[in-house]
1. For the residue pair A195 and I33, what label-to-label distance in nm results when each label sits 7 Å from Cα along the Cα-to-beta-carbon direction?
2. Just to check, using Stokes-Einstein with a Kirkwood Rh over alpha carbon pairs, what's the diffusion coefficient of segment 10-192 at 4 °C and 1.567 mPa s in µm²/s?
3. Using θ = phi - 60° and the Karplus relation 6.51 cos²θ - 1.76 cosθ + 1.60, list the HN-Hα couplings for segment 121-128 in order, rounded to whole Hz, with x at every Gly or Pro.
4. When the Karplus curve 6.51 cos²θ - 1.76 cosθ + 1.60 is applied with θ = phi - 60°, which whole-Hz ³J(HN,Hα) does each residue of segment 165-174 get, with x for Gly and Pro?
5. Express in nm, to one decimal, how much length is gained between E11 and F168 on full extension, taking 0.36 nm for each residue of separation and deducting their alpha carbon distance.
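Only the coordinates and a few stated rules stand behind these numbers; no lab work does. Remember, predicted model here, so these are calculated numbers, not experimental data. Cβ placement follows ideal geometry from the backbone for every residue including glycine, while neighbour counts extend to all protein chains displayed.
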Amino acid sequence: MHIVDGALAPEVLIGGGVLAVAGLGLGLRKLPIDKIPATGVLSATFFVASLIHVPVGPSSVHLIMSGLAGLVLGWTAFPALFVGLLLQAIFFGFGGLTVLGVNTVNIAFPAVIAGFMFRGVVARSNPTAAAVWGGIAGALSISLTTLFVAISLTLSGDAFIPAAKLVFFAHIPIMAVEGFVSAAAVYLIMKVKPALLMTGDQANEYAVQSSIILAEQANEANNG
């Protein structure tokens with residue numbers, strides 16, 4: 001999923017860098033204080049999950065959990081995934097610094113797309129249905145990332161077209177695995193802390209309802 005240094009044309013690197021800066025700026029502006037812990041956890045999840053990888057041509061095959069990041073964080077997935085990519089490039093030489101912008105866009109933008117498409121329906125669903133939608137979001141995110149990686153390679157020259165096709169088809173099994181893992185994670189979140197997957201208005205309404213229920217339970221306990 002990560003593209004290595006030296007594989008892309010300069011114009012692709014520049015374009016990816018510009019888009020990454022724009023995404024990071026938007027993500028940081030939309031980062032609420034209460035989502036900072038979740039951002040750190042999901043950044044660490046991506047960091048660990050993608051360390052276990054198999055090189056495939058100028059890229060690699062591995063889990064990324066970007067769909068889950070998009071569902072929970074929205075645009076804030078950009079800084080979360082950027083930090084993970086940066087640390088991998090610095091400490092392990094995974095990917096590289098010159099392709100950091102392109103790799104960030106290829107992984108974070110599909111996460112944002114999946115989040116916008118499925119976060120609302122996930123938040124409105126029961127845990128089982130939410131898990132199904134979460135699994136679809138996870139599979140879609142990694143499939144879009146694979147497509148973006150293939151496009152990045154193709155734009156860098158015809159010589160990379162066979163590698164782009166190889167990267168895409170090699171990720172088909174990973175799409176299924178990522179979907180299953182994302183579904184399990186969404187199910188757990190919906191059981192433990194569903195507010196993480198809610199929009200601002202939904203989260204506020206959930207908090208109010210939870211406060212009312214707790215107050216009623218406290219009154220019943222006092223009266224009893």
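1. Simple spin-label model gives 1.4 nm for this pair.
2. 80 µm²/s
3. 5, 5, 5, 8, 9, 6, x, 5
4. 5, 4, 4, 5, 5, 5, 8, 4, x, 5
5. 54.3 nm
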